[in-house]
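The values are calculated or read from the model by the stated rules, or taken from the named source; none is laboratory data. Source: prediction; values computed, not measured. All Cβ positions, glycine included, derive from the backbone under ideal geometry; neighbour counts span all protein chains shown.
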Ligand SMILES: [Zn+2]
């Protein structure tokens, strides 16, 4: 028993030693002088600070880490963390100042320099100093070409500026250094960036260039739905509906759950090629192969409504409603159809019966702290564990917003 306790105590001391000691070792050796590490060992501030950090109590973490930093001024990482905490708390200029001072230290290794610059870049980004953030992240990649975090930030900055060529080049660098398991994710992102380049070409009326980008996107990842939609749009604009249809129909194979995004386009293209019956057959095929498909029923109903069959349309909307009682689009379609049918009491009663068990039980609420959504009012949030943070979630909160703004 006692032996076990001693063993346990040894392990704890060892772990603490690793946690506290390891970080300082480098600086102690590099500066060529022996730091008084007993002070740190005797001081609970560092561990307490990290504890507060883990439990997300930023102010207390800052307080303890500031004390720890006072005991061991050369410890780089305490100052780095402190700066990052100031940034998180919104005190960007304080964070910038702190990190810039660290950069002035003599004898920083290139890796340490890169790390300080990365933090500084994040400060600049947070403060909205885009050019300076840019410089800092670029400098990091010069010191440490494989720094994924800096590359990722550079890519995001380019994306925010809609500089798609540059963003793509950086994502390609990330893809080149990524382990094999992460390739598909990089391919998918590269495909979305190609799609953006295609859209840019479309805006400049460079149809052939646009087609090349969209095709490249689909080559990188066949599930890039917007690239399929856009590629079809270019073919349509060039007066080639058959080509467009072939591309859009592919979506049903590559991303069936997103195929509804092509419905409106397909309806129009089919009409041009063979007349309206083809779209109806297309929807029926989808419904037969997937009886849960409420979107195909909704589309087929809207198609029937447009072609003078409101009763058949309403039947399809009701079937759609059974499969997704919460879709506002289905309810709106039903309201329109009921209006056309002069609110026939039999049909209205059927609608009320169908919705009784589903929609009116739904009472959507949202946690104002972490945006967790619930179908009922909860007193404690299962995600952020805060008490009494749920508000009723409205589909159209614009009136409330006006009411709030009125007194100001
Ligand atoms: Zn929450």
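Checking the structure you have, find out if any residue of region 356-365 is in a strand (DSSP E or B), modelled with pLDDT under 85 and farther than 24 Å from residue 278 by Cβ. Yes; the residues of region 356-365 include at least one that is in a strand (DSSP E or B), modelled with pLDDT under 85 and farther than 24 Å from residue 278 by Cβ. Candidates in region 367-386 are the residues that are in a loop (DSSP other than H, G, I, E, B) and within 6 Å of the ligand (Cβ to nearest atom); of these, the one that is modelled with the lowest pLDDT is 386.
Out of the residues in region 306-333 that are within 30 Å of the chain's Cα centre (by Cα) and assigned to a helix (DSSP H, G or I), which is surrounded by the fewest Cβ atoms within 10 Å (Cβ to Cβ)? Among them, the one singled out is 328.
None of 83, 90 is outside any helix (DSSP H, G or I) and within 23 Å of residue 127 (Cβ to Cβ) except 90. Of the residues making up region 262-273, those that are more than 11 Å from residue 242 (Cα to Cα) and crowded, with 17+ Cβ neighbours inside 10 Å number 4.
Between 223, 148, the distinction of being within 23 Å of residue 263 (Cβ to Cβ) and at pLDDT below 95 belongs to 223 only.
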